[in-house]
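Okay, so here's the structure we're looking at.
The values are calculated or read from the model by the stated rules, or taken from the named source; none is laboratory data. Computed from a prediction, not measured in an experiment: that's the story for all the values here. Quick reminder, even Gly has a Cβ in these numbers, built from the backbone with ideal geometry, and neighbours come from all protein chains shown. Heads up: the accessible areas ignore ligands, DNA and RNA and are worked out on the full protein's heavy atoms, side chains in. Shrake-Rupley method; radii C 1.70, N 1.55, O 1.52, S 1.80 Å.
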Amino acid sequence: MAAGGGTKAILAALGANLSIAVAKFVAWAFSGSSSMLAEAVHSLADSGNQALLLLGGKRAKRAATKEHPFGYGRERYVYAFLVSIVLFTVGGLFAIYEGYHKIEDPHEIDHWYWPVGVLVFAIIAETISFRTAIKESNEIRGSQGWWQFIRRAKAPELPVVLLEDLGALVGLILALLGVGVALATGDGVWDGIGTVSIGVLLLIIAVILAVETKSLLLGEGASEADVEAISTALVDGDAVTQVIHLKTLYLGPDELLVAAKIAVQHDDTAGEVARAIDAAESRVREAVPVARMIYLEPDIARAQADT
């Protein structure tokens, strides 16, 4: 699966969240709804998250240095992990804290049309952003299911935006329910319950993001399909007879490191071995284009050595 940066989806989400955050803060100021305040902070945090993803994508493009000879591609994973922390603390914990205080000290919602109007507007804007993320994801996820795509994607931006947008939509619905029930019953406790529900939702999404980006930070290898394609490409049945062992590692979403020990003919000259390695590298890059760095060690297979 190709690694996509999802820049269009990030920009769409950033624009939506900034406009929604302003509208929510205005609605909170007029209504005093804790759900609106939690949602406003949530949208503000999401805007910062998208800015972090854009910054990570830009910094990851820096050229390799002596200190970082394999480049900075994995910096995208660092910023995606920071996003999960921001979502957990600023989004989830703040919402739970605000909701708890609203439950402890409830009060009626003033000017109900502000929060309701803003929530409807926010749902429309988030839906547009979510559709953009889905459209970009469909271009690269292939036949994978959505959960598989989130779990296996090597580019972290699209899974992050997808989960953020999904969380935002569900959170908006919870906020609307909380405000609606509070208005219908005259009991502000329901507004606080809606706020706590939003916080719990954000914590769950943040944990999922943290687990997945942690795995990428630690270093993931190629998928089983790509490993099989690489192994097949390495062997030509003539100069390279088999793969003795093979290891892969993603240096970044768009750059795969391949290290392998390959068996060559025991009577080949150094020049023939060198040409066989060059040809094998070309076949691997054609089969798996993200395989940018390839290190092959020639050896003689035990069966050959014993003959």
Candidates ILE277, ILE230, filtered to the one that is surrounded by 13 or more Cβ atoms within 10 Å (Cβ to Cβ), more than 28 Å from GLN148 (Cα to Cα) and not hydroxyl-bearing (Ser, Thr, Tyr) | ILE277
Could you list, in sequence order, all residues of segment 212-232 that are aliphatic (A, V, I, L, M) and in contact with a strand residue (DSSP E or B) (Cβ under 9 Å, 6 or more places away or on another chain)?
-> LEU216, ALA222, VAL227, ILE230
In segment 70-82, residue surrounded by the most Cβ atoms within 10 Å (Cβ to Cβ) [restricted to those that are farther than 25 Å from ALA122 by Cβ and under 16 Å from the mean Cα position of the chain (by Cα)] = ARG76
Selection over segment 147-181 where residues are farther than 16 Å from ILE124 by Cα, open to solvent by less than 10 Å² (accessible area, probe 1.4 Å) and over 12 Å from the mean Cα position of the chain (by Cα) yields a count of 2
When you look at ALA270, is it open to solvent by 70 Å² or more (accessible area, probe 1.4 Å), more than 11 Å from ILE230 (Cβ to Cβ) and without any contact (Cβ under 8 Å) to a residue 24 or more places away in the chain, yes or no?
-> yes
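One line per residue, one yes/no per condition, for (1) over 19 Å from LEU256 (Cα atoms); (2) touching a residue at least 60 places away in the same chain (Cβ under 8 Å); (3) open to solvent by 10 Å² or more (accessible area, probe 1.4 Å); (4) among the acidic types (Asp, Glu):
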site: ALA13; (1), (2), (3), (4): yes, yes, no, no
site: ASN17; (1), (2), (3), (4): yes, yes, no, no
site: ALA23; (1), (2), (3), (4): yes, yes, yes, no
site: TRP28; (1), (2), (3), (4): yes, yes, yes, no
site: LEU53; (1), (2), (3), (4): yes, yes, no, no
site: ARG62; (1), (2), (3), (4): no, no, yes, no
Regarding GLU67, is this residue out of contact with any strand residue (DSSP E or B) (no Cβ under 8 Å at 6 or more places or on another chain), open to solvent by 40 Å² or more (accessible area, probe 1.4 Å), among the acidic types (Asp, Glu) and touching a residue at least 60 places away in the same chain (Cβ under 8 Å)?
-> no
What is the one condition in (1) in contact with a His (Cβ under 8 Å, 6 or more places away or on another chain); (2) open to solvent by less than 60 Å² (accessible area, probe 1.4 Å); (3) at negative phi that GLY32 does not satisfy?
-> (3)
Within the group SER215, SER282, which residue is assigned to a helix (DSSP H, G or I) and either under 30 Å from GLY91 (Cβ atoms) or in contact (Cβ under 8 Å) with a residue 12 or more places away in the chain (or both)?
-> SER215
Which condition breaks for TYR295 when tested against (1) at pLDDT 95 or above; (2) open to solvent by less than 60 Å² (accessible area, probe 1.4 Å)?
-> (2)
Flag for LYS154 being assigned to a loop (DSSP other than H, G, I, E, B), at negative phi and basic (Lys, Arg) | yes
Could you look through segment 239-250, keep only residues that are touching a residue at least 24 places away in the same chain (Cβ under 8 Å) and of a type outside the set (Lys, Arg), and pick out the one that is surrounded by the most Cβ atoms within 10 Å (Cβ to Cβ)?
-> VAL240
Among ILE109, ILE85, ILE124, ILE96, which is open to solvent by 40 Å² or more (accessible area, probe 1.4 Å) and in contact with a helix residue (DSSP H, G or I) (Cβ under 6 Å, 6 or more places away or on another chain)?
-> ILE96
Quick check, is THR127 part of a helix (DSSP H, G or I) and closer than 30 Å to SER223 by Cβ?
-> no
Those residues of segment 251-264 which are farther than 12 Å from LEU234 by Cβ, open to solvent by less than 50 Å² (accessible area, probe 1.4 Å) and not small (Gly, Ala, Ser), in sequence order = LEU251, PRO253, GLU255, LEU256, LEU257
